[in-house]
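Dropping a structure here in structure tokens format, bear with me for questions.
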């Protein structure tokens, strides 16, 4: 589903290279965890894939179901099934959460040549999915993320994911700022979305999220490259030993 | 979300130029000779068959004006205006005065149709289409038609052009004209008093709630012509009226002057809601052409517990100089000002309000949202003044500015004078930018850039949009989208 080959990317402003020949293959139905020390390029990877401005890709390719996404406008990447759950979801004052969701959904449908979803269908969908994530009516009516707690913001990201039904979900440090209860709710939300035709890339610094979202494959990212790949046990090993070994390997 | 979608569709439909009302209509005009003199003042007064006292009133204003100097305190810059190089009167030849709809030149009706202003009564009266909105259509210097007059007359409401009011209801006009904005008020108001040509007159009798929206639509068409409109609205005891004003002009290289005066009088327990959607031609992308909009608008809450509410959506004009104000004279009276000022290109906006608290327990509320893009400058200038006798007065101001891009500016200039230690005055101000993070967040969820900007901006101005009558809120939302086209990316 996702195929990244020899990806090099730098920060536009100062030309600092962050990703240095990254390779990654994720198949449909799989959950891949990407772990690594601070500054390894974990968030940069998620930003480059989603198309955030401020980065320059200098080499390599990234395709989603065989289609090159790096040249695509970020809105079109979303319509093609890519979803990034942000580490720090932003607040948009004055724009109702429902309004935002509906605008996003219908933009994507339009870009794919599908008709708009009717309001009753949309309301039904939102009500069902919001219920699963313990998102209240009040949160749906309030402006996007404004005054939400850290846990509410992350739950809201998962709600967007559930409504937009992407093919590839990238979770950028979704566990940061969550207490254990919130972590459970968010993880259950993610697990409920697992399916044979959807893939997940879970970026995290800590192993604890992986107790709740069980990965099929674990990668270690260091200095802009994948330096080790293994099964779920690799995460436990990292938890015990830390990242010190890998910093050396990549050097 | 339909509105946002429409905004974007509309933006796409407009090719190079975003101003869609820039067309010029070939309508023959009857014009005054160029320039300004006592003779021109007499000419205008004669054209309107005005009574002698009105001519004297105008001449008095004109003589005063000659001794006055143009104000320079606003944060706007423009080359000196040559007041002798303007026409002060232009009227479509076919229209001698306001008539019934079937007598109006079909060419004029078509102009208003093209502007999206329906000048029709039959279909609406029969319930076939549209909202019930009575329109006074002012074309250059004259009112060409006022709709729904008979319908309104049934409940005793007078809605007509001010020229007609001077002939038909001289006592009412004499009693109120110039009592809110005196002829000597300021440079442009004095000029207006001397040469004003047309505008609307509204009188709501005691205890009557106006059954429909009233509106005036101003159109400048002739070249080198100034438009000097004058509007007077009186709401007697316990009455209510909601009034809306709209304006557009053709696209030209020259700058044209629009200097209006609007006076509102609210008696005991009366309420006037005055909304403006201002969309004069703003000039081209290099700052050539556009309307100079120098306007004096003031409401007098003369009676106890009266209320005046100004709502404005300002997207047009090369320069806007405008401070709709309230004099809170009656005890317990209330003044409100809700404003959205959008500037793009080289537009300059200096706008705000004045709330003068004279009566006891008076209240004012100011919500101002400025959005600057391109190379524009957007200033909020507001005054809150509490008289020493205004016990229990309270005032709340909130002005927020939103910047789009790096070359524009937003400024806030509040003047607060409180002569009463028991008064409560609050002022809040914020300036923010549409952050790249907000924009990317929306785009990453599938919203195209233009739609994302429209969504964020509409969120920013929502509080004010909610104050507009429903139909106009949708229009205003679209207009804001169009005005900001191309401001990001």
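No value in this document is a laboratory result; all are computed from the given coordinates. Keep in mind that what you see is a predicted model, and the values were worked out from it rather than measured. For neighbour counting, all protein chains shown are included, and Cβ atoms are generated from backbone atoms with ideal geometry for every residue, glycine included.
At 7 Å along Cα-to-Cβ for each site, give me the label-to-label distance between residue A:206 and residue B:77 in nm.
Those two pseudo-labels are separated by 5.6 nm.
Defining a contact as two alpha carbons under 8 Å apart and six or more residues distant in sequence, what relative contact order in percent does chain A show?
Answer for chain A is 28 percent.
Set the Förster radius R0 to 56 Å, insert the Cβ-Cβ distance between residue B:209 and residue B:70 as r into 1/(1 + (r/R0)^6), and round the FRET efficiency to 0.05.
Taking R0 as 56 Å, the efficiency between residue B:209 and residue B:70 is 0.85.
Testing the spin-label approximation: label points 7 Å from Cα along Cα→Cβ at residue B:430 and residue B:171. State their distance in nm.
With each label point 7 Å from Cα toward Cβ, the separation is 5.4 nm.
Beta carbons within 10 angstrom, averaged per residue: use that to sort the peptides B:41-51, B:285-295, B:311-321, highest first. List each step's numbers first, then the result.
Details: B:41-51: 17.5, B:285-295: 20.2, B:311-321: 26.5.
Highest mean packing first, the order is B:311-321, B:285-295, B:41-51.
For region B:144-302, what's the relative contact order in percent, using C-alpha pairs closer than 8 Å and at least 6 residues apart? Provide the component values of the computation, followed by the final result.
Numbers: 353 pairs, mean separation 35.9, N = 159.
Computed value for region B:144-302: 23 percent relative contact order.
Further question: Answer rounded, prolate or oblate for region B:168-233, using the Cα gyration tensor with square roots of eigenvalues a ≥ b ≥ c: rounded when a/c is under 1.5, else prolate when a/b is larger than b/c, else oblate.
Oblate.
Between A:231, A:51, A:66, which gets the highest mean-square fluctuation from a Gaussian network model of chain A, Cα cutoff 10 Å?
With Cα springs under 10 Å in chain A, the top fluctuation among A:231, A:51, A:66 is at A:66.
How many partner chain Cβ atoms sit within 10 Å of a residue's Cβ in peptide A:103-111, on average, as a whole number?
Average neighbour count from other chains, rounded to a whole number: 6.
Using only Cα atoms, tell me the angle between helix A:180-193 and the longest principal axis of chain A; keep it within 0 to 90° and round to the nearest 10.
80 degrees
Taking only DSSP H segments of four or more residues, each worth -39500 (n - 2.57), what value at 222 nm results for chain A once the sum is divided by all its residues, to the nearest 500 deg cm²/dmol?
Helix contribution divided over all residues of chain A: -11500 deg cm²/dmol.
Where in region A:55-99 is the amide nitrogen less than 15 Å from a point lying 7 Å along the Cα-to-Cβ axis of residue A:5?
A:59-70
Same structure, new question: May I ask for the distance between the Cα centers of region B:364-383 and region B:303-349, given as a whole number of Å?
11 Å
Pick from A:80, A:38, A:145: which is most flexible by mean-square fluctuation in a GNM of chain A where alpha carbon atoms under 10 Å apart are linked?
Looking only at A:80, A:38, A:145, the largest GNM fluctuation is found for A:38.
Could you work out how far helix A:97-111 tilts from the main Cα principal axis of chain A, as a 0 to 90 degree angle to the nearest 10?
Compared with the principal axis, the helix lies near 70 degrees.
Among B:400, B:331, which comes first, second and so on when ranked by fewest other beta-carbon atoms within 10 Å? The partial results should precede the final answer.
Details: B:400 21, B:331 18.
Neighbour counts put them in this order, fewest first: B:331, B:400.
So if each residue of separation counts as 0.36 nm, and I subtract the Cα-Cα distance between residue B:110 and residue B:396, what length gain in nm does that give?
Result for the pair: 98.5 nm of gain on full extension.
Once you keep just the Cα pairs under 8 angstrom separated by 6 or more residues, what percentage relative contact order results for region A:8-93?
The normalised contact order for region A:8-93 reaches 29 percent.
If each of residue B:53 and residue B:34 carries a label point 7 Å out from its Cα toward its Cβ, how far apart are those two points in nm?
Inter-label distance under the simple model: 3.8 nm.
Right, here's the next one. Report the Cα centroid-to-centroid distance between region A:157-228 and region A:8-80 in angstrom, as an integer.
When both Cα centres are located, 16 Å separates them.
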